[in-house]
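First up is the structure itself, then whatever we jot down about it.
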Amino acid sequence: MILESDSDPVRDRFEQAFAPQHTTFIPVPDEATGSLIAAELATSGYGLIELYGGFSAAGAAAVLEAVEGRVAVGIGSFTLDAVRR
């Protein structure tokens with residue numbers, strides 16, 4: 001998932017195959033929507049969710065909570081609040 005304002009996680013998602021894996025890219029407009037989508041992905045059987053595009057530490061924690069340990073969650077490099085001063 002990537003934060004992208006004004007995005008629609010259903011309309012704007014796209015898929016790409018990288019043999020032998022299949023990846024779904026999902027833009028979300030905010031962290032709250034990211035948590036909701038993450039819960040849906042966990043229920044659907046996804047094996048990994050990666051967070052990019054400026055998720056804060058609190059936003060990443062909310063995603064971790066939402067998936068309830070059903071799927072691994074990674075954070076791309078660092079959270080946005082790590083670079084704010």
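Numbers at a glance
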| read-out | value |
| --- | --- |
| Subset of the range 1-39 (residues that are among the polar types (S, T, N, Q) and touching a strand residue (DSSP E or B) at 6+ places or on another chain (Cβ under 7 Å)) | Ser7, Gln16, Thr23, Thr24 |
| Counted residues, the range 8-34 - those being within 17 Å of Gly76 (Cβ to Cβ), surrounded by 10 or more Cβ atoms within 10 Å (Cβ to Cβ) and polar (S, T, N, Q) | 2 |
| Identity of the residue in the range 56-70, at pLDDT 95 or above and in contact with a strand residue (DSSP E or B) (Cβ under 7 Å, 6 or more places away or on another chain), that ends up surrounded by the fewest Cβ atoms within 10 Å (Cβ to Cβ) | Leu64 |
| Matching residues, the range 26-53, being within 8 Å of Leu3 (Cα to Cα) and touching a Lys or Arg at 6+ places or on another chain (Cβ under 9 Å) | Pro27 |
| Residue in the range 35-53 that is nearest to Gly76 (Cα to Cα), counting only those that are in contact (Cβ under 8 Å) with a residue 40 or more places away in the chain and crowded, with 17+ Cβ neighbours inside 10 Å | Leu51 |
| In the range 7-44, residue nearest to Val71 (Cα to Cα) [restricted to those that are among the acidic types (Asp, Glu) and at pLDDT 95 or above] | Glu40 |
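The values are calculated or read from the model by the stated rules, or taken from the named source; none is laboratory data. Just so we're clear, the structure is a prediction, and the values are computed from it rather than from any experiment. Glycine also receives a Cβ, built like all others from the backbone with ideal geometry; neighbour counts cover every protein chain displayed.
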